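First up is the structure itself, then whatever we jot down about it.
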Amino acid sequence: MNFGYHEDCLDHQTGYRHPESPDRLRAIRRSLSRKHGVEYVAADPAPESAVTAVHDAGYVSAIKEFCEEGGGDWDDDTVAVEATWDAALAAAGQAMWAAERALAGDDGRDTPFALGRPPGHHAVEADAMGFCFVNNAAVAARAAIDDGDADRVAILDWDVHHGNGIHDIFYDTGDVYYASIHEDGLYPGSGDIDETGEGEGEGTTLNVPLLPGCGDADYCAAIDDFVGPEFVAFDPDLILVSAGFDAHRHDPISRMRVSTEGYGAMTTRMRDVADEADAGLGFVLEGGYGLDTLAESVTMVHEVFDGREPVEPDEEVKDRATKVFADLRDQGFGEK
């Protein structure tokens, strides 16, 4: 794979014991250093105009000033330093790069993966939250459409937390389909199954809130039975995966049971969905806070595009997941 990476993202310092630390990127790079076919691209930072296309201009000015004055605690979880704004622009620029390369036809071993931090999917139009300042995937999706490179973009968010920022930004627009598979009730407590979009966006939001303890088979079934058919029917030009790896069974902040092989199985499915939809495919890093499991899981995604066939789940879909799936079918989601 080709990985978007910029040293500015290491300068966003969150303090002692904060789970979203520069060590996340260092761990990923150490793991990838043992694999062949890894290329790094230092993408340009996102221009401010791309950020204000999805974020309120007053908020952008406020967060810039906050960082220029030395930063501090924006809220209980979201910490900034002077370098944070440059890191956020670098991360958003890498997401834009991933979208651009995917739309240009980079696939297979050239599939793009943006390794940026701070992450983005919790950042709403006018606020930072959940470690996030700029909504990287949203910036990339909107830029691809506004630049005329794509008519429609689909985003799968498989981070264990619901990406409330992406959800809210595109909730009433019909040109971006947002799907989230997340742990029900976990921060930020959003992503209800009956939130399906409104206005022009009606039917273009899919929330799959799985109960704690769900794992490989449940996640793969969600893609097979719902995300895949919905995306293919939507007919996007670009698919982005907001790739958080905190649903891993050994991640310290969730109760899900996805394995490293499970992330590989999910990756093969999204590759196949993109092929069926004739869409470009790119990945954008979100969460994942166990350094070893994060690094192993990103490396697994890379290995899938380098020819590895991950082990398919052999367990049955859990009853706690089939109930959610039944509710989704009642909402009209699934096979078209």
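The values are calculated or read from the model by the stated rules, or taken from the named source; none is laboratory data. Treat the numbers as computed from the prediction; the structure is a model and nothing was measured. Note: ideal-geometry Cβ built from the backbone for every residue, glycine included; neighbour counts use all protein chains shown. Only protein heavy atoms, including side chains, enter the accessible area calculation; ligands, DNA and RNA are left aside. Shrake-Rupley method; radii C 1.70, N 1.55, O 1.52, S 1.80 Å.
Over all other residues within a Cβ to Cβ distance under 12 Å of LEU10, the charged ones net out to -1, with Lys and Arg as +1 and Asp and Glu as -1. Separation of region 225-255 and region 42-72, taken as the distance between their Cα centroids, equals 27 angstrom. Based on C-alpha pairs under 8 angstrom that are at least 6 apart in sequence, the chain has a relative contact order of 19 percent. Ligands, DNA and RNA left out, the accessible area of the chain computed with a 1.4 Å probe is 42% carbon and sulfur. Here's how it looks for ALA42: its modeled amide H is under 5 Å from those of TYR5, which are all 5 or more places away or on a different chain. Here's how it looks for LEU281: its modeled amide H is under 5 Å from those of ILE239, which are all 5 or more places away or on a different chain. Within the shell of other residues whose beta carbon sits under 9 angstrom from the beta carbon of PRO45, the net charge comes to -3, with Lys and Arg scored +1 and Asp and Glu -1.
For region 270-310, a simple Cβ point-charge model (Lys and Arg +1, Asp and Glu -1, everything else neutral) yields a dipole of about 120 debye relative to the Cα centre. Per-residue packing, averaged as other Cβ atoms within 10 Å, sorts the ranges 283-290, 302-309, 12-19, 255-262 into the order 283-290, 255-262, 302-309, 12-19, beginning with the highest. The dipole here belongs to region 46-179: it is taken about the Cα centre, uses +1 on the Cβ of Lys and Arg and -1 on the Cβ of Asp and Glu, and is about 420 debye.
Estimated at 0.36 nm per residue, the fully extended path between ILE193 and LYS323 surpasses their Cα-Cα distance by 45.6 nm.
Take each peptide in 149-160, 103-114, 67-78, count the other Cβ atoms within 10 Å of every residue, and average; sorted highest first, the result is 149-160, 103-114, 67-78. When DSSP beta bridges are restricted to pairs lying wholly in the chain, around 10% turn out antiparallel.
Each residue of region 207-213 was assigned a 3J(HN,Hα) from its phi angle through the Karplus curve 6.51 cos²θ - 1.76 cosθ + 1.60 (θ = phi - 60°); the sequence is 10, 10, x, 8, 6, x, x Hz, with glycine and proline shown as x. Helical runs assigned H by DSSP (4 residues or longer) give the chain a calculated mean residue ellipticity at 222 nm of -11000 deg cm²/dmol, each run adding -39500 (n - 2.57) before division by the residue total. Ordering ALA321, ALA95, SER254 by Cα displacement along the dipole of the chain toward the positive end leaves SER254 in first place; charges were set at the Cβ atoms of Lys, Arg (+1) and Asp, Glu (-1). Take the chain with all the other protein chains still there, run a 1.4 Å probe, and you get 37 Å² of accessible area per residue.
Sorting 132-145, 162-175 by average packing, meaning the other beta carbons within 10 Å per residue, from highest down gives 132-145, 162-175. Summarising the strand pairing of region 41-182, around 45 percent of its internal DSSP beta bridges are antiparallel. Evaluated with a Cβ-only charge set (Lys, Arg +1; Asp, Glu -1), region 1-123 carries a dipole of roughly 860 debye about its Cα centre, given to the nearest 20. When the chain is described by a simple charge dipole with +1 on each Lys and Arg Cβ and -1 on each Asp and Glu Cβ, the residue from TYR289, ILE63, PRO112 located farthest towards its positive end is TYR289.
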